[in-house]
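One structure is given here, and the rest of the page talks about it.
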C-alpha cells in the first residue's frame, strides 16, 4: 500500500530505475536510505516507522473505517465496493461478487502537479 503510494508520488532522480506509467521509481530501500540520511535516524528505525505506519493505516482505515489525514500531504480513506451479482462470461450464470474494501490515498493540492 505505502509502496504503491511511494511509486505514484515519487519524482525520483537519475539513480532510480525507469518504469512505465509513473516515470522514475523510488523503492522502499531507497526511501529508507533517504529518510535515514535526512533525519539522522538509523535505517532499522526508519524501516520500523514505515512498517508501523502501514500497520496503523491498515488497522484504522481498512478495519475500523477511519480516515487518516496528514496536513500538507493527503488523506487515507476507505473505499467500499458493495456486493453485487455478476455474470460468468463463459456460461452466463449469475454469480455473487462479494463486497471489497480498500485503502485509497487522495493527495492534497500541494502534491498535485500543475
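Taken together, the values in this text are just the output of simple stated rules run on the coordinates, not laboratory data. Just so you know, these numbers come straight off a predicted model, no measurement behind them. Here the Cβ is made from the backbone with ideal geometry for all residues, glycine too, and neighbour counts use every protein chain on show.
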Note to self: Condition first: over 21 Å from the mean Cα position of the chain (by Cα) and not in a strand (DSSP E or B). Now tell me which residues in the stretch 92-106 satisfy that.
What the structure shows: 92, 93, 98
Next item on the list: May I ask you to say which residue of 103, 57 is in contact (Cβ under 8 Å) with a residue 60 or more places away in the chain, surrounded by 13 or more Cβ atoms within 10 Å (Cβ to Cβ) and either at negative phi or out of contact with any strand residue (DSSP E or B) (no Cβ under 8 Å at 6 or more places or on another chain) (or both)?
Entry: 103
Margin query: Suppose the filter is without any contact (Cβ under 8 Å) to a residue 12 or more places away in the chain and surrounded by 13 or more Cβ atoms within 10 Å (Cβ to Cβ); does residue 43 pass it?
Written below: yes
Note to self: Can you tell me how many residues within the stretch 60-71 are exposed (fewer than 12 other Cβ atoms within 10 Å of the Cβ) and assigned to a loop (DSSP other than H, G, I, E, B)?
What the structure shows: 3
Next item on the list: Being without any contact (Cβ under 8 Å) to a residue 24 or more places away in the chain and either more than 21 Å from residue 59 (Cβ to Cβ) or outside any strand (DSSP E or B) (or both) is the filter here, so list the residues in the stretch 72-91 that pass it.
Entry: 82, 83, 84, 85, 86, 87, 88, 89, 90, 91
